[in-house]
Amino acid sequence: AGEWRDIVAELLGPDAELLSVSRWFCDSRVYRNNGQIAKIRRRDLSPAGWNGLAHEADLLASLDRPVKAGVSGPWEYSIQDEQPGMPFSAHLFDQQENAFSKRKRLQVLREVFRELRVLHRRGIAHGDLRPENVLVDGNEVRLVDFDMAWRGSRLGVTYGDWIGIGGRPGSRYPLWKLVLFT
């Protein structure tokens, strides 16, 4: 606990709020403070074949979404501006007061398709198309969390995101699974 407190305070300050703990990567967390989001991971516990957060930062920089990435002792981190909106997952369940109608869900999916076309034209696959990684802010929809993203041919990245063929090892969520959630 003390190690986490120290690295978070160094990067975002002592008042940072824990947003999530990864269920896929050991010792990987996301924090927020003062309009900034930081992903922090222990480098020595990263899975085999992992390119690291610097890889994600490079991909996002090519999309004009600047991210600062670095290393501090056993930790790797990335820091970026917090994006507006709520995760699509917060709008999917009928028992919640902010649940979307079927029509609105389809509109969100249409915007996700548009976002993916832009990525695929640039030779980038997202690789992790879960409802938690789609932010919705009014009519604006944006993909976030590019740590499973990868570069390839236009056709290869399209197949990777749409049906899960190809891509980097560990890509778990192609688009067809996102459509099933909605």
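The values are calculated or read from the model by the stated rules, or taken from the named source; none is laboratory data. Model, not experiment: these values are computed from the prediction. In this analysis, Cβ positions are derived from the backbone assuming ideal geometry, glycine residues included, and neighbour counts consider all displayed protein chains. Surface accessibility is based on the protein's heavy atoms, side chains included, excluding ligands, DNA and RNA. Shrake-Rupley method; radii C 1.70, N 1.55, O 1.52, S 1.80 Å.
Straight-distance candidates among the lysines for linking to K177, with alpha-carbon spacing under 30 Å and chain neighbours fewer than 8 residues away dropped: K39, K102, K104. The label-point distance for R5 and N139, in a model that sets each label 7 Å from Cα toward Cβ, rounds to 4.8 nm.
To the nearest µm²/s, what D does Stokes-Einstein give for the chain at 10 °C and 1.306 mPa s, using the Kirkwood radius over alpha carbon pairs as Rh? The calculation lands on 93 µm²/s. Between R65, R29, R151, the residue with the greatest mean-square fluctuation in the GNM of the chain (Cα pairs under 10 Å linked by springs) is R65. Here the simple spin-label model places points 7 Å from the Cα toward Cβ, and for E82 and D44 these points are separated by 3.3 nm.
With the highest mean first, a sort of the peptides 113-123, 76-86 on other beta-carbon atoms found within 10 angstrom per residue produces 76-86, 113-123. Here the chain has 51 percent of its accessible surface on carbon and sulfur atoms, given a 1.4 Å probe and all protein chains in place. On a 0 to 90° scale, report how tilted helix 102-121 is relative to the longest principal axis of the chain, with both axes built from alpha carbons and the result rounded to the nearest 10. Taking Cα atoms only, the helix is inclined about 70 degrees.
Between 0 and 90 degrees, rounded to the nearest ten: what's the tilt of helix 2-12 against the longest Cα principal axis of the chain? That works out to roughly 70 degrees.
Compute the acute angle (0 to 90°) between the alpha-carbon long axis of helix 154-163 and the principal axis of greatest extent of the alpha-carbon atoms of the chain; round to the nearest 10°. Its long axis makes an angle of about 80 degrees.
Net charge dipole, the chain: roughly 900 debye, given to the nearest 20, about the Cα centre with Cβ charges of +1 for Lys and Arg and -1 for Asp and Glu.
Here I165 and R117 are evaluated by their C-beta separation; at R0 = 22 Å the FRET efficiency comes out at 0.80.
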